[in-house]
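All remarks here apply to the structure that follows.
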Amino acid sequence: MQRIARLRELSGARALLALKCFASWAVFPLMRQYMDGTTSSSLYEVRLGQEKFGGETHAYSVAYADHEIDAVLAHGDKIIFNSLSQLQRFGDKARAAGKPIGLRVNPGTSNSPYLLADPARPHSRLGEGDADKIAAVIDQLSGLMFHNNCENRSFDSFDQMLGQIEARYGALLARVQWVSLGGGIHFSAPDYPLERLAQRLKDFAQRHGVQVYLEPGEAAISGAATLEVSVLDVGCNGKQLAIVDSSTEAHMLDLLIYNLDARMEPNTGAHEYLVCGKTCLAGDIFGSFRFEQPLQVGDRLSIQDAAGYTMVKKNWFNGIAMPAIAVKRLDGRVELVRQFGYEDYAASLS
Ligand SMILES: *Cc1c(COP(=O)(O)O)cnc(C)c1O
């Protein structure tokens, strides 16, 4: 949070939390001291942002339905359309509601290592790319949104892609008041050159006469939460196995989607175990980790980096109990925020 605040101060950019990455609102009172507001992917997110975070509330969605648009305009203070056809369909309503309108631009380049998460993938539906078509509606727009970074740890790569955007859309940038550069910039990593990024954003804002917004998701919460699990059973089948009271598919879905191992800490010692979830999915495995002592039933393990795209994706697969949500304060106090029970499970099903 302090790095975000410093980046805002040095660059003049505003920072909006991307709720699709992290939306555990118990900690919004802390986060709002360092960030300007939220951005969203849907009606429910924009409403949550307005009700629980406050500040600036950007509405964006790949597509709004007719029955959603009035509520979206009531909860958001800007609306960013994903396509020219959505702009055409709902632009009048947005103007009547007095809400500034933005359009998502797809610059056709990105740095995502995964096709699944690549907004510039072939036939992408994420944003309009044709500068001439955007120029034809530019008078209706007060801003543009670009989101084409994905956990990008390289300032040089960000800088280069921003240069491409300026070369391709410079004439349009000069016609709007604000530009959102999306999320996916990993500026909260300790070795990221925050000052160079800030200078680049400041120059960009001055050159084009725009207010810059950033929409950090992952960068706002990386390393901020753990999934605390307990060992339920140990066994051996060619390798030592430990089964825990959780599941990749139910509680850390991105490990499966992106074929990643969890991060366990500590991860040292002579005893190596495959740490496995308790669903019936054969490949429900958190990864292979090292421990100082042989694992025993009841041992507590701490899986790192459990905030981003994790707490928002929990599900009830196999009827596994959802992890409770607790906040650990800086002085060490642990506050239990929410526990989930059978009633929540049943209510999600019928
Ligand atoms: C996903 C997304 C973000 C947040 O991305 P992170 O990689 O979590 O920083 C921001 N803006 C838009 C439009 C997004 O789709």
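Checking Ala59, Ala96, Ala71 one by one, the residue that is modelled with pLDDT of 95 or more and within 17 Å of the chain's Cα centre (by Cα) is Ala59 and no other. Leu116 passes every criterion in (1) assigned to a helix (DSSP H, G or I); (2) more than 21 Å from Ile185 (Cα to Cα) apart from (2). All conditions in (1) in the same structural domain as Cys236 (by the TED database); (2) assigned to a helix (DSSP H, G or I) hold for Asn259, with the sole exception of (2). Among residues of region 136-151 that are of a type outside the set (A, V, I, L, M, F, W, C), those with a Cβ under 6 angstrom from a residue that is within 9 Å of the ligand (Cβ to nearest atom) and assigned to a strand (DSSP E or B), sequence gap 6+ or separate chain, pair up as Asn149/Ile185.
For region 194-224, the set of residues classified as among the small types (Gly, Ala, Ser), within 30 Å of Asp261 (Cα to Cα) and open to solvent by less than 20 Å² (accessible area, probe 1.4 Å) consists of Gly217, Ala219, Ala220, listed by residue number.
Scan region 1-25 for residues that are assigned to a helix (DSSP H, G or I), open to solvent by 40 Å² or more (accessible area, probe 1.4 Å) and away from the ligand (no atom under 16 Å from the Cβ) and the total you get is 5. For region 167-218, a residue qualifies if it is assigned to a loop (DSSP other than H, G, I, E, B), polar (S, T, N, Q) and modelled with pLDDT of 95 or more, and exactly one does: Gln177. Regarding Gly277, is this residue within 16 Å of the ligand (Cβ to nearest atom) and either open to solvent by less than 20 Å² (accessible area, probe 1.4 Å) or in contact with a Lys or Arg (Cβ under 6 Å, 6 or more places away or on another chain) (or both)? Criteria not met by Gly277.
Which ones in region 63-107 are surrounded by fewer than 14 Cβ atoms within 10 Å (Cβ to Cβ) and either within 16 Å of the ligand (Cβ to nearest atom) or on the phi > 0 side of the Ramachandran plot (or both)? Selection gives Ala63, Gly98. Scanning region 219-254 for residues that are in a strand (DSSP E or B) and among the hydroxyl-bearing types (Ser, Thr, Tyr) yields a total of 1. I'd like to verify a number: residues in region 295-329 that are within 16 Å of the ligand (Cβ to nearest atom) and assigned to a loop (DSSP other than H, G, I, E, B), how many? Residues in region 295-329 being within 16 Å of the ligand (Cβ to nearest atom) and assigned to a loop (DSSP other than H, G, I, E, B): 6 in total. In a residue-by-residue description of region 34-44, the property of being over 24 Å from Ala135 (Cβ atoms), in a helix (DSSP H, G or I) and open to solvent by 60 Å² or more (accessible area, probe 1.4 Å) applies to at least one position.
Scan region 121-161 for residues that are within 14 Å of the ligand (Cβ to nearest atom), in a loop (DSSP other than H, G, I, E, B), open to solvent by less than 30 Å² (accessible area, probe 1.4 Å) and among the aliphatic types (A, V, I, L, M) and report the count. Number satisfying all stated conditions: 0. Of all residues being over 22 Å from Ser302 (Cβ atoms), acidic (Asp, Glu) and in contact (Cβ under 8 Å) with a residue 12 or more places away in the chain in region 190-247, which is nearest to the ligand (Cβ to nearest atom)? Just the residue, please. So the residue we want is Glu215.
The sole residue among Glu292, Glu265, Glu272, Glu335 that is modelled with pLDDT under 95, open to solvent by 30 Å² or more (accessible area, probe 1.4 Å) and more than 16 Å from the ligand (Cβ to nearest atom) is Glu265.
The values are calculated or read from the model by the stated rules, or taken from the named source; none is laboratory data. Predicted model, so just to flag it, every value in this text is computed and none were measured. Positions of Cβ are generated from backbone atoms using ideal geometry, with glycine treated the same way; all protein chains shown enter the neighbour counts. Calculation scope for accessible area: heavy atoms of the full protein, side chains included, ligands and nucleic acids excluded. Shrake-Rupley method; radii C 1.70, N 1.55, O 1.52, S 1.80 Å.
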